[in-house]
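Novice: Below are the structure tokens for one structure; questions will follow.
Only the coordinates and a few stated rules stand behind these numbers; no lab work does. All of these numbers come straight from a predicted model, not from anything done at the bench. With ideal geometry, Cβ positions are generated from the backbone for all residues, glycine too; neighbour counts draw on all protein chains shown.
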Amino acid sequence: MTRLSARSWRIIAALGFWVLIIVAWTVGGSTGLAIAYTAGAWLAAFSLQAWRRQDEFEKSAQKFSWMFGGLFGLLISLALLPAATQPGVISPLIGWVADALQAQDPVTPAFVLGAAYIALGQLVGFSVCWVGWHVSKR
Amino acid sequence: MKNRIRVLRAERGWTQADLAKLLDVSRNSVNAIENGKYDPSLPLAFSIAGIFKMRIEDIFQKD
């Protein structure tokens, strides 16, 4: 199994993660939460395998992209916070997250949305840097 | 850093993919190293030298 390529490990990591997340979402409650944690563990374990199978060129690309893309993604998402928190933008999103989580209090969906917002900003920053790094090395 | 990998590879009739397979790296890695866009680590430089049966300094030169 360790001879699988980095791409194969990434596919296993992502597919398993999303399947488990969908199951967790469907089941809900404490069982769903346990499945969601399992999904996180699955993603971490198989992402580690993918990382180990990558060559140093790709590892350099990912280190660079997490460092600078992640950082600038975080800073840009924070800079855009005033726009993102306009009532017309944030209210429907909080309502949607509250419905999806079946949350009874207003704090939980706001916290989840805030965490997702930062993660999304870093992911976008990472992706932009990763593509830029590969284009610059062609 | 300059290098002679493209010439050495061509002398042996290898494609970038052939060399990548021998080094257990991606073809993109070989392409970036050949074009001087990426400097390999010391272990990879030793592997390249070993495959060509040459010394590192005979393959890589400072700009």
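Novice: Run lengths n ≥ 4 of DSSP H only: what is the helix-derived mean residue ellipticity at 222 nm for the protein assembly as shown, with -39500 (n - 2.57) per run over all residues, to the nearest 500?
Specialist: After summing the helix terms and dividing by the residues of the protein assembly as shown, the value is -24000 deg cm²/dmol.
Novice: Between A:Trp66 and B:Asp39, what is the label-to-label distance in nm when each label sits 7 Å out along the Cα-to-Cβ direction?
Specialist: If labels sit at A:Trp66 and B:Asp39, their model points lie 2.3 nm apart.
Novice: Kirkwood hydrodynamic radius, computed over distinct alpha-carbon pairs, for chain B: how many Å, to one decimal? Working shown, then result.
Specialist: Working: mean 1/r = 0.0877 Å⁻¹.
So the Kirkwood estimate lands at 11.4 Å.
Novice: Okay, next question. Tell me, what HN-Hα J-couplings in whole Hz come from the Karplus equation 6.51 cos²θ - 1.76 cosθ + 1.60 at θ = phi - 60° for each residue of segment A:62-74, using x for Gly and Pro?
Specialist: 6, 4, 4, 5, 5, 5, 8, x, x, 5, 5, x, 5
Novice: Okay, next question. Tell me which of A:Ala110, A:Gln122, B:Gln61 sits at the most positive position along the dipole axis of the protein assembly as shown, charges placed on C-beta atoms (Lys, Arg +1; Asp, Glu -1).
Specialist: Towards the positive end, the residue furthest out is B:Gln61.
Novice: Could you size up the charge dipole of segment B:2-55 around its Cα centre, putting +1 on the beta carbon of Lys and Arg and -1 on that of Asp and Glu, and report it in debye to the nearest 20? Intermediate results must be reported in sequence, preceding the final value.
Specialist: Working: 10 positive and 5 negative charges, 34 e Å.
Taking the Cα centre of segment B:2-55 as origin, the dipole is about 160 debye.
Novice: Compute the separation of the alpha-carbon centres of segment A:35-88 and segment B:15-63 and state it in Å as a whole number.
Specialist: 29
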